[in-house]
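*Asks:* Following this message is one structure expressed as structure tokens.
The values are calculated or read from the model by the stated rules, or taken from the named source; none is laboratory data. Keep in mind that what you see is a predicted model, and the values were worked out from it rather than measured. Cβ atoms come from the backbone with ideal geometry, glycine included; neighbour counts cover every protein chain shown.
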Amino acid sequence: MANFSLPKIQLSWDKGVVLFLVLAIFIGSFSSEYFATASNLSFVIASIAEIAIIATAMTYLIIAGEIDLSVASMMSLSSASIGFAFREGLPFEIAILIGLAVGLAAGLFNGILVTFFGLPSLAVTIATLALYRGLCWVLLENKPVNQLPEFWISLGFRNIPNTFLPWSTIPLVILAAAAWVVLHHTKTGRWVFAIGINPEAAKFSGVPVNRVKLGLFAYSGLMSGVAGVIYTLRFASASPDGGVGYELSVIAAVLFGGVAIAGGVGTMWGVLAAVVSLGVMRSGLQLVGFSANALLIVSGGLLLISVILPKVTEFVRIRNSRASTPKIKQKNEEKKYE
Amino acid sequence: MKKLSKLIRSRELPVFFALALVYFGTGFANPQFFTVTVVNDIFLGVAIVAVLAVAQTFVLVMRHIDLSVGSVIGFTAFMIGDLSSQGYPLIVVLSAALLIGAAVGAVNGYLVAYLRLPSLVVTLATMYVVRGIFNEVAKGQTIVESDVPEELNWLGLNRFFGVPYLFIIGIILMLVAGFVMYRVRAARDLYAIGSNAAAAELVGIPVNRRVFFAFLATGAISGLAGAVMLARFNSASTNSGLGLELVVIAACVVGGVTIAGGAGTVYGAVIGAILLQEILLAIGALGIPQFWQLAVNGILIIAAIGLDRYLSTRVKSTSIMGNK
């Protein structure tokens, strides 16, 4: 029975996030006349692009029961590689490709440590968080690269002609749509859920667990690389200390979006709605004069609510079923939720 | 004989060897590394992380994690300076720091133990909330040297027979915690919980209560550690302690306190912290650019978890915390 009812709770949480997003936009546009302006919306989208792109990959990893804390360092390493290659005299286009390749390689390295050597991903990615960030410093030392080509920088702060959408919207929409389709409508997506629910069972059902996990870590690295490119263009600079602490923002957004940290549960649209809501909320709070601190408190609070609320729903349901079910069955029911 | 074999198989020994190897290796390459100043620099630099690593060990052995410690220590370091600049006596100020830490620990503990929420998520959330409250209270102010209580200032600057007082504080805490975790039943239960929480419950260990109080202790110690941080830096700002939680966990992991729970000691955690600090100084002494420091730390942590995997008989990991 629990098999049928459990996803229902999670689904309602995802819908809650979407509702929350609508509400946030609604309240935002009422509380400040500047909120619904084109320039503000453009700013909101630009400010969430990197986190949203990384979050699509993090969603896969957490659903598969793994985690990647090194994403911000990989993003920065990709950015640092672009800056380094460009400073060494390579054309900027090649530098961007190098940045993407470095991200992919960094992700693969995480994946190899986790799948071939069987090391726990939390510990591995804490280690590579330090390692990749350290390599940023080794590459650039304390000299950020600022003299980037005019054409590419203008992509970073200009909008797509005749719209209020920044250029980063294009990769964001394509990557998010692809992540959505693959997660919910392909065999690979189902494998990811199967691994998250029970890796042993998935293995015996013929899912190539290690290969999928390796692929997911590589995917996470590549998406961090893409985010690194966007980050470099947006700030028109490659520095060794970019995006420090982004990893926790990404994870917070993914969990707020209804993905269970234990794995096996989550939806892409819940996560995307969560990332956008957090961006919208930040903008709204700033416009009505709240400090950035309020946002820290609010996002922490939302994160807590997102894990507490499903528990409360379960609790209430167990209570309700108590009246109608015999004693022994009740005991079993309660066990399932522990 | 039995004691000897136990020592040889201990998790702390390889770390200790690494510590000695780096020390003598660097010393032979650069004899200036053998001076007392270097040892003192290591001791002084490690004090904060050592104290936090001891506290973090309580939760790590239970197969839990506490990410909120960086926010807590920053907040209490600020509050100690702020309150004492308003004229409150030291004992009141330290009690306030202890209370703040304990309160955060109690919230973490309650949510993890009684509501059975994942500690990674809970402490990530409280990390944000505490940092947010901290910034709101601080309003961008910073604590400068004149705000720091004289006693703390004195502790940060002085030595007892050549050993910095701050390091002695860390060592005393380690010895007390080490004794408690070896001798006191309630603390030993933490290892049982980390090895197999369901089995621990079945043999009659009050798992919820133990988890709650372990988080409470971690929070309280991290709160008091604010005094160590203030004594060390003589200043505090809203950035204090930012990102420190990952450094602390890295020190624990290097010292053999595994993320998978059920293993490791506070001694290992402190040795791990010392090793990281020692390598920081060794890099300078060997003439390697300082920029390599973080990368070397990363490689070291990978080596530590790889070694742990090799030495233990665990099966391959299928969860983020590793398998048993």
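*Asks:* Select from segment A:281-301 the residues that are in contact (Cβ under 8 Å) with a residue 60 or more places away in the chain and not polar (S, T, N, Q) and write down the one among them that is farthest from residue A:42 (Cα to Cα).
*Replies:* That would be A:288.
Residue-by-condition table, conditions (1) at pLDDT 90 or above; (2) surrounded by fewer than 21 Cβ atoms within 10 Å (Cβ to Cβ):
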residue	(1), (2)
B:140	no, yes
B:143	no, no
B:156	no, no
B:159	no, yes
B:168	yes, yes
B:174	yes, no
B:180	yes, yes
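*Asks:* Under the condition of being in a helix (DSSP H, G or I) and of a type outside the set (D, E, K, R), which residue from segment A:228-241 is surrounded by the fewest Cβ atoms within 10 Å (Cβ to Cβ)?
*Replies:* A:235
*Asks:* Within segment A:266-320, can you find the residues that are in a loop (DSSP other than H, G, I, E, B), under 16 Å from residue A:253 (Cβ atoms) and within 14 Å of another protein chain (Cβ to nearest Cβ)?
*Replies:* Within segment A:266-320, just A:266 meets the criteria.
*Asks:* Then there is this: Look through segment A:242-295, keep the residues that are under 30 Å from residue A:200 (Cα atoms) and of a type in the set (Val, Ile, Thr), and return whichever of them is surrounded by the fewest Cβ atoms within 10 Å (Cβ to Cβ).
*Replies:* Result: A:261.
*Asks:* Go through segment A:26-63 and give me each residue that's touching a residue at least 12 places away in the same chain (Cβ under 8 Å), among the small types (Gly, Ala, Ser) and part of a helix (DSSP H, G or I).
*Replies:* Hits for segment A:26-63 are A:28, A:31, A:38, A:39, A:42, A:46, A:47, A:49, A:52, A:55, A:57.
*Asks:* Taking the condition away from chain A (no Cβ under 11 Å) and within 19 Å of the chain's Cα centre (by Cα), does residue B:73 pass?
*Replies:* Here the answer is yes, as residue B:73 does meet what is asked.
*Asks:* With the requirement that a residue be hydroxyl-bearing (Ser, Thr, Tyr) and not in a helix (DSSP H, G or I), what does segment A:181-217 give you?
*Replies:* Of everything in segment A:181-217, those that are hydroxyl-bearing (Ser, Thr, Tyr) and not in a helix (DSSP H, G or I) turn out to be A:186, A:205.
*Asks:* Ok, one more. When residue A:124 is evaluated against the numbered criteria (1) aliphatic (A, V, I, L, M); (2) touching a helix residue (DSSP H, G or I) at 6+ places or on another chain (Cβ under 9 Å); (3) at pLDDT 90 or above; (4) farther than 26 Å from residue B:251 by Cβ, which criterion, by number, is the only one it fails?
*Replies:* (4)
*Asks:* Conditions: (1) out of contact with any Gly (no Cβ under 6 Å at 6 or more places or on another chain); (2) under 17 Å from residue B:64 (Cβ atoms). Residue B:227 meets all but one. Number of the miss?
*Replies:* (2)
*Asks:* Only one of these is exposed (fewer than 14 other Cβ atoms within 10 Å of the Cβ) and more than 14 Å from chain B (Cβ to nearest Cβ): A:225, A:221, A:206. Name it.
*Replies:* Testing whether each residue is exposed (fewer than 14 other Cβ atoms within 10 Å of the Cβ) and more than 14 Å from chain B (Cβ to nearest Cβ) leaves just A:206.
*Asks:* Determine whether segment A:71-93 contains at least one residue that is among the β-branched types (Val, Ile, Thr), more than 10 Å from chain B (Cβ to nearest Cβ) and either farther than 24 Å from residue A:237 by Cα or buried (at least 19 other Cβ atoms within 10 Å of the Cβ) (or both).
*Replies:* yes
*Asks:* Out of (1) among the aliphatic types (A, V, I, L, M); (2) under 14 Å from residue B:73 (Cβ atoms); (3) out of contact with any strand residue (DSSP E or B) (no Cβ under 7 Å at 6 or more places or on another chain), what's the single condition that is false for residue B:236?
*Replies:* (3)
*Asks:* Within segment B:193-222, work out how many residues are in contact (Cβ under 8 Å) with a residue 40 or more places away in the chain and either part of a helix (DSSP H, G or I) or closer than 17 Å to residue B:108 by Cα (or both).
*Replies:* Matching residues across segment B:193-222 total 20.
*Asks:* How about segment B:219-252: which of its residues are in contact with an Asp or Glu (Cβ under 8 Å, 6 or more places away or on another chain) and within 14 Å of another protein chain (Cβ to nearest Cβ)?
*Replies:* Hit for segment B:219-252 is B:245, nothing else.
*Asks:* If you check every pair at least six apart or on different chains, which have Cβ atoms under 8 Å apart with a residue in segment A:115-144 that is farther than 13 Å from residue B:300 by Cβ and more than 8 Å from chain B (Cβ to nearest Cβ) first and a residue that is among the polar types (S, T, N, Q) and assigned to a loop (DSSP other than H, G, I, E, B) second?
*Replies:* Matching pairs, first to second residue: A:125/A:70; A:140/A:239; A:144/A:237; A:144/A:239.
Conditions (1) surrounded by fewer than 22 Cβ atoms within 10 Å (Cβ to Cβ); (2) within 14 Å of chain A (Cβ to nearest Cβ); (3) touching a His at 6+ places or on another chain (Cβ under 8 Å), marked per residue:
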{"residue": "B:105", "(1), (2), (3)": "no, no, no"}
{"residue": "B:113", "(1), (2), (3)": "no, yes, no"}
{"residue": "B:120", "(1), (2), (3)": "yes, yes, no"}
{"residue": "B:127", "(1), (2), (3)": "no, yes, no"}
{"residue": "B:130", "(1), (2), (3)": "no, yes, no"}
{"residue": "B:134", "(1), (2), (3)": "no, yes, no"}
{"residue": "B:149", "(1), (2), (3)": "yes, no, no"}
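*Asks:* Name the residues in segment B:301-324 that are farther than 21 Å from residue B:61 by Cβ, at pLDDT 70 or above and within 8 Å of chain A (Cβ to nearest Cβ), would you?
*Replies:* Passing the criteria: only B:302.
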